[in-house]
Amino acid sequence: MKITFIKPNIGRLGHSLYIDEGRMEPLQLGVLAGMTPDEFDVVLYDDRMEEIPFDEQTDLVAITVETYTARRAYEIGAEYKKRGVPVVMGGMHATLLPEEVSEHTDTLYVGDGEFEWQTLLSDFKNGKLKKLYKTTSGTPQPGTFTRRDIYKGKGYLPITLLQFGRGCRFSCNFCAIATYFDKTQYVRKIDEMLEEIDRQDRDFLFFVDDNINSNHELAKEFYRELISMKVKWVSQTSIDITND
């Protein structure tokens, strides 16, 4: 069976597309692909930089939906539904606005992918795909690694995206992250992080964490281990790091 992963663009008008200069690998889809059993064939199409072959044979389509790509995600989903291909939508926007997204998809996935994705695939294989899969947040990628072969040949910027953790301890009222993760940071096992860094072949890394220093002591433990790996890296953090 074949699964098609889709990263939508911000928008398209006919064959003209919004040009995204920061074309980085869609980490969330690589993570899902890494959790997908080998019995499924996997392909990725990135709407930011290539045409989606809607008529290509596939058994299931999975679309990640962010607020700024939602309209385009719904257009893509509609094209596949016209062709009789079941569509799954998930991601931040789907979790925070499930009522809206459910109007545009066959199956809605609410919450982090780690905890119900394989259940969804098992249900699909057995002809029992549900309309809703709902889970909570927790430790990212336990025992699994991002599948990066799906990125090859697409012209992404030469920087590897990874995640040390998700969420943040702060409760800023303007921030969707505080709502999604309920003022909590979930951190990966450091040994698994180091192994994933070792598995990829670049020395320039982007940890896409919402606030990588949410827990200062855990962060410093991780940074000490990074020293011997001699990599360059960037991330995002709250200003309170300047107190340390």
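The values are calculated or read from the model by the stated rules, or taken from the named source; none is laboratory data. These numbers come from a predicted model, not from an experiment. Cβ placement follows ideal geometry from the backbone for every residue including glycine, while neighbour counts extend to all protein chains displayed. Side chains are part of the model used for accessible areas, which takes the heavy atoms of the whole protein and leaves out ligands, DNA and RNA. Shrake-Rupley method; radii C 1.70, N 1.55, O 1.52, S 1.80 Å.
A 26 angstrom limit on the alpha carbon distance is what I want to check against. Which of Lys134/Lys220; Lys152/Lys232; Lys7/Lys230; Lys134/Lys154 exceed it?
Violating the 26 Å Cα-Cα cut-off are Lys134/Lys220; Lys7/Lys230; Lys134/Lys154.
Taking amide H atoms as placed 1.01 Å from N in the peptide plane, list the residues 5 or more away in sequence, or in a different chain, whose amide H sits under 5 Å from that of Leu44.
Residues meeting the criterion, in which the H sits 1.01 Å from N, are Phe5.
May I ask you to evaluate 6.51 cos²θ - 1.76 cosθ + 1.60, the Karplus curve with θ = phi - 60°, for each residue of region 180-191 and list the ³J(HN,Hα) values in order in whole Hz, giving x for glycine and proline?
4, 9, 6, 6, 10, 9, 10, 10, 6, 5, 5, 5
Among 46-55, 168-177, how do they line up by average Cβ neighbours within 10 Å per residue, starting with the highest?
Final packing ranking: 46-55, 168-177.
Hey, rough spin-label estimate for Thr135 and Asp149, points 7 angstrom out along Cα→Cβ, what's it come to in nanometres?
In this crude label model, Thr135 to Asp149 measures out at 2.3 nm.
Could you list which residues have their amide H under 5 Å from that of Arg147, counting only those 5 or more apart in sequence or on another chain, with H placed in the peptide plane?
Val31, Ala33, Gly34
For His216, His93, what's the largest-to-smallest order of accessible area, 1.4 Å probe?
Putting His216, His93 in descending order of accessible area: His216, His93.
Rounded to the nearest 5, what % of the DSSP beta bridges within the chain are antiparallel ones?
15 percent
I'm checking a number: the convex hull volume of the Cα atoms of the chain, normalised per residue, in Å³. What is it?
Per residue, the Cα convex hull of the chain comes to 132 Å³.
How big is the gap, in Å, between the Cα center of region 149-181 and the Cα center of region 109-133?
Using only Cα atoms, the two centres lie 22 Å from each other.
Tell me which residues come under 5 Å, amide H to amide H, from Lys2 once H is placed; ignore anything under 5 positions away on its chain.
Amide H neighbours of Lys2: Asp41, Asp59, Leu60.
Only bridges with both residues in region 18-137 count here: give the DSSP antiparallel percent, nearest 5.
0 percent
Run the helix sum for the chain: -39,500 (n - 2.57) per DSSP H stretch of 4+ residues, divided by residue count, reported at 222 nm to the nearest 500 deg cm²/dmol.
-7500 deg cm²/dmol
In square angstrom, what is the accessible area per residue of the chain with a 1.4 angstrom probe?
Using a 1.4 Å probe on heavy atoms only, each residue of the chain averages 51 Å².
Tell me, what % of the accessible area of region 1-146 is carbon and sulfur with a 1.4 angstrom probe?
With neighbouring chains kept in place, the figure for region 1-146 is 51 percent.
What's the local net charge at Thr107, with K and R +1, D and E -1, over the other residues with C-beta under 12 Å away?
Neighbour charge sum, excluding Thr107 itself: +2.
Suppose the chain between Thr119 and Asp198 were pulled fully straight at 0.36 nm per residue; how much longer would it get relative to their current alpha carbon spacing?
My answer for the length gained is 25.5 nm.
I want to check the label-to-label distance for Arg83 and Met24. Put each point 7 Å from Cα in the C-beta direction and report it in nm to one decimal.
3.0 nm
As a test question: what accessible area, to the nearest 10 Å², does Met89 have when a 1.4 Å probe is rolled over all protein chains in place?
0 Å²
In region 71-114, whose amide N lies under 12 Å from the spot 7 Å out along Cα-to-Cβ of Asn173? List them in ranges.
Answer for region 71-114: none.
For the full complex of protein chains and a 1.4 angstrom probe, list Tyr45, Tyr186 by accessible area with the highest value first.
Highest to lowest solvent-accessible surface, that is Tyr186, Tyr45.
Nearest 20 debye, what's the magnitude of the dipole of the chain about its Cα centre given +1 on Lys and Arg Cβ and -1 on Asp and Glu Cβ?
Computed charge dipole of the chain: roughly 220 debye.
Report the one residue of Trp117, Ser102, Gly153 whose Cα lies farthest in the direction of the positive end of the charge dipole of the chain (charges on C-beta: Lys and Arg +1, Asp and Glu -1; origin at the Cα centre).
The listed residue farthest towards the positive side: Ser102.
At 0.36 nm per residue, minus the direct Cα-Cα distance, what do Tyr223 and Lys183 gain on full extension? Give it in nm, one decimal, please.
So the chain would gain 12.1 nm between Tyr223 and Lys183.
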